[in-house]
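Asker: Before I ask anything, let me first share the structure, which is written out below as structure tokens.
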Amino acid sequence: MDDGGREVARARHCCNEIIITGAAMNSMTPKLVVEGLTHYYPDEYTGESVHALEDINLELYEGELVSVVGPSGCGKSTLLNILAGLLPYKIGTASVDGNVIHGPGPDRGVVFQEHAILPWRTVAKNIGHGLEIRRVPQAEREKRVQEFIDLVGLTGFEDKFPHELSGGMKQRCQVARTLCSDPVVMLMDEPFAAVDAQTRITLQEELNRIAMATHKTILFITHSVEEAAFLADRCLVFSARPGRLKEIVKIDIPREQRNWTNMNDNAIFISARDRILASVREEVSIAVEE
Amino acid sequence: MTTAVGNLSIAVQRRFGRQRLRKIILGSIPFAVMIAIWHANTVFDWLPPVFIPPIGDVWEAIFFLQEDCAGFVALVMLDNSCLITTHVFSSIGRVILAAIVGLPLGIAFGILCGMSRTLSKFLEPVGVFANSISGIAWIPLAIVWFGVGWVTTLFIMLNTIFWLMFFNSMLGVRSVAKVYEESVLTMGGSRWDVIKQVYLPGAMPSIITGMRMSMGFGWRALIAAEMIGGDSGLGFMIFTSAAEFKIEEVFLGVIFISIIFMATDKYLLAPLEKWTVERWGLVWRPT
Ligand SMILES: Nc1ncnc2c1ncn2[C@@H]1O[C@H](COP(=O)(O)OP(=O)(O)OP(=O)(O)O)[C@@H](O)[C@H]1O
Ligand SMILES: [Mg+2]
């Protein structure tokens, strides 16, 4: 709040009011709602349980890209897995478009950190997989698939198998696969963590362009503060484990202005990035002390 | 003269490709050496023909055994007069039958057990038990149960094929990265989609290894079963011919067995491997 000023919203411990501010700005109903979500992992061997998430509340509005950062082990992947329906939860609620999450479903598309496209399917068949599962007629499927292949810049690689692609291309293919299924929300768990720095920058700019073109609602988990600040409309900072929503930083930069040639001179970007960084470092030092 | 040879070699290279030609030549050398030694044995009379027959005798044995064959119908009906074809086709028939029944069953149960902890707790011990007794150790019991003939030989072969296939498919499914399953589920895929699109192709390297192993061991078990518990087939032929000191027929049987097995591997299993796991980049390909 100090010098970064107006652009940076900040809250401690309780984040509800900030979320309300977000809601007031955006008078639509949220696409994704999480209320009082708490999660413990039971440990079969010791009987003790790991407290991974504590009272998470958040709302995602249509077309919004929200990033989540926090120290390693703070429960970011746990949150994403619960939202994806891959991890059952007991305390709190999570819903998409008003439907409570009970298991995986095509309304939530996931981009995994690892290479998750199927090695035995060609690029085109991977991207069209979601439509194939939903039995979309072939002609329509092929048209849609081609659209997304072009969007992520994989034109010419339609009939290649994943092992013939570079790491960055595999992640592009995964992003295209998720987009092609047209989910209500897209959940991304450190999708660019495994690619080299140069490719990563390109992929970030591409995702920004895709977010602009498709108006997808995206929850984007990352380790990189720069990445979070570059991509997000709002950035959620998690505390050390058990993960709590510590702070929400708003980054009000139009998508058209977001590219790496300008961003490093952008005052809003710099102040948001520094704010997030300071906040995360505080938590990392807590995590290390423990 | 030299140009003619040169032209011929160029034509041959065009036809097969340099790499393939190299492979064929390298692969044939050991066989050529073996045949040369075999023939040398006859020429220089190292070991008497009762132990190692001349190549010519083995060749003639084909026609001798087939001599009484009463035409095409008898041949197809596996009549005892058409000895060679009857034995060859009996063995091949059993292999095909056992493969058609045993491989899919083994794969299906293996995949199910790979997916379900409960089912695997149920079936795995039985599998370990069955595997601890090698296929041929069942022969005496099978003869008691089913008598001498088709059923016994089939049972032995099925028993060998099924469990090997079962274990390999199960391990294959367990080795498939969880994220593939999760990604299909998050796209709205059903359990069945996961089986078809993740487990089956993901376990393919293991399944193909399993097929190779089970066909190899199964074929060996079949020959053994035919020797002791069969009334036809190449194993039976080898065994009875040896008892009558018809050494050239024994040799003929052995050669047929290896040719049939090599052909199965080369024309069925290897292409399957090439079209699946190699194309998908799931196995390391030697250069
Ligand atoms: N399947 C599991 N069983 C038990 N404990 C788990 C399991 N998965 C995660 N945990 C624990 O829960 C905590 C949060 O894990 P999570 O993977 O959500 O962290 P993260 O924020 O994604 O970390 P990173 O940034 O390193 O990916 C960790 O302390 C971890 O040890
Ligand atoms: Mg994680």
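The values are calculated or read from the model by the stated rules, or taken from the named source; none is laboratory data. Remember, it's a predicted structure, so these values are computed and weren't measured experimentally. All Cβ positions, glycine included, derive from the backbone under ideal geometry; neighbour counts span all protein chains shown. Ligands, DNA and RNA are stripped out before the accessible areas are found, and what is left, the full protein with its side chains, is counted by its heavy atoms. Shrake-Rupley method; radii C 1.70, N 1.55, O 1.52, S 1.80 Å.
Asker: Hey, got the dipole for the protein assembly as shown? About the Cα centre, +1 on K and R Cβ, -1 on D and E Cβ, debye to the nearest 20?
Answerer: Charge dipole, the protein assembly as shown, about its Cα centre: 800 debye, nearest 20.
Asker: Quick one: net charge of residue B:31's neighbours, Cβ under 14 Å, K/R +1, D/E -1?
Answerer: In short, +2.
Asker: I need the Debye-formula profile for the stretch A:198-290: one equal scatterer per C-alpha, no solvent, reported as log10 I(q)/I(0) at q = 0.20, 0.22 1/Å, two decimals.
Answerer: Cα-only, vacuum Debye calculation for the stretch A:198-290: -0.97, -1.12.
Asker: Mind running the shape call on the stretch B:2-44? Use the C-alpha gyration tensor, a ≥ b ≥ c as the square roots of the eigenvalues: rounded below 1.5 for a/c, prolate if a/b tops b/c, oblate otherwise.
Answerer: Because a/c hits 1.5 or more and a/b fails to exceed b/c, the stretch B:2-44 counts as oblate.
Asker: Over the Cα atoms of the stretch B:1-140, what Rg and Dmax result, in angstrom?
Answerer: 24.6, 73
Asker: Want the number for residue B:18 to residue B:175: 0.36 nm per residue separation, take away the alpha-carbon distance, what's left?
Answerer: Length gained between residue B:18 and residue B:175: 52.8 nm.
Asker: Could I ask something else about it? Given charges of +1 on the Cβ of Lys and Arg and -1 on the Cβ of Asp and Glu, with all other atoms neutral, how large is the dipole of the stretch B:1-118 about its Cα centre, in debye to the nearest 20?
Answerer: The dipole magnitude comes to about 1120 debye.
Asker: With N set to the residue count of chain A, report its C-alpha Rg divided by 2.2 N^0.38 Å to two decimal places.
Answerer: Compactness ratio reported: 1.00.
Asker: With every protein chain kept in place and ligands, DNA and RNA left out, what is the accessible area per residue of the stretch B:71-280? Probe 1.4 Å, answer in Å².
Answerer: 46 Å²
Asker: Okay, moving on. What does the buried accessible surface come to for B and A, summed over both chains, with the probe at 1.4 Å? Round to 100 Å².
Answerer: The contact between A and B buries close to 1900 Å².
Asker: GNM, chain B, Cα, under 10 Å: largest mean-square fluctuation among B:92, B:156, B:35?
Answerer: Between B:92, B:156, B:35, it is B:35 that shows the largest mean-square fluctuation.
Asker: What part of the accessible area of chain A, given as a whole %, is carbon or sulfur when the probe is 1.4 angstrom?
Answerer: 50 percent
Asker: Looking only at other chains, what is the average number of their beta-carbon atoms within 10 angstrom of each beta-carbon in B:187-193?
Answerer: 6
Asker: Rounded to the nearest 20 Debye, what is the dipole magnitude of chain B about its Cα centre when Lys and Arg each give +1 and Asp and Glu each give -1 at the C-beta?
Answerer: Value, rounded to 20: 1640 debye.
Asker: How many Å² of accessible area per residue for chain A, probe 1.4 Å?
Answerer: The answer is 44 Å² per residue.
Asker: Rounded to the nearest 5, what % of DSSP beta bridges with both residues in chain A are antiparallel?
Answerer: DSSP beta bridges in chain A are roughly 55 percent antiparallel.
Asker: With helices defined as uninterrupted DSSP H runs, which ones in chain B have an alpha carbon span along their own long axis of at least 24 Å and mean Kyte-Doolittle hydropathy of at least 1.0?
Answerer: B:83-115, B:150-174, B:247-264
Asker: Could I ask something else about it? For the protein assembly as shown, give me the percentage of DSSP beta bridges that are antiparallel, rounded to the nearest 5 percent.
Answerer: Close to 55 percent.
Asker: For the stretch B:148-242, with the dipole built from +1 on Lys and Arg beta-carbon atoms and -1 on Asp and Glu ones, taken about the Cα centre, which of B:163, B:239, B:206 lies farthest toward the positive end?
Answerer: About the Cα centre, the residue reaching furthest to the positive side is B:206.
Asker: Evaluated at 10 °C with a viscosity of 1.306 mPa s, what Stokes-Einstein diffusion coefficient in µm²/s does chain B have when Rh comes from the Kirkwood expression over alpha-carbon pairs?
Answerer: Stokes-Einstein gives a translational diffusion coefficient of 72 µm²/s.
Asker: May I ask you to find the residues of the stretch A:72-115 that are shielded by at least 50 Å² of accessible area once the whole protein assembly is considered instead of their isolated chain (probe 1.4 Å)?
Answerer: Residues shielded by partner chains are A:86, A:112.
Asker: Here's a follow-up. How big is the protein assembly as shown along each principal axis, measuring the range of its Cα positions in Å and listing the largest first?
Answerer: Result for the protein assembly as shown: principal-axis Cα extents of 104, 68, 49 Å.
Asker: Here's another thing I want to ask about it. What Kirkwood radius, in Å to one decimal, follows from the Cα pairs of the stretch B:46-102?
Answerer: Evaluated on the stretch B:46-102, it is 13.1 Å.
Asker: With the cut-off at 22 Å, tell me which of the pairs A:31/A:216; A:160/B:23; A:31/A:76 have Cα atoms farther apart than that.
Answerer: A:160/B:23, as the Cα separations exceed 22 Å there.
Asker: For a quick check: with amide H placed at 1.01 Å from N, whose amide H comes under 5 Å from residue A:50's, ignoring anything fewer than 5 positions away on the same chain?
Answerer: The answer is A:41, A:43.
Asker: Measure off 7 Å from each Cα along the Cα-to-Cβ vector at residue A:139 and residue A:102, then give the distance between these two points in nanometres to one decimal.
Answerer: The answer from the label model is 3.7 nm.
Asker: Please check: in the Gaussian network model of chain B (C-alpha springs, under 10 Å), which one of B:160, B:86, B:276 has the largest mean-square fluctuation.
Answerer: In the Gaussian network model the winner is B:276.
Asker: Here's something else I'd like to know. For the stretch B:2-44, report the accessible area per residue in Å² (1.4 Å probe, heavy atoms, rounded to an integer).
Answerer: About 87 Å² of surface per residue is accessible.
Asker: Evaluate the distance, in nm, between pseudo-label points positioned 7 Å from the Cα of residue B:5 and of residue A:198 along their respective Cα→Cβ axes.
Answerer: 5.3 nm
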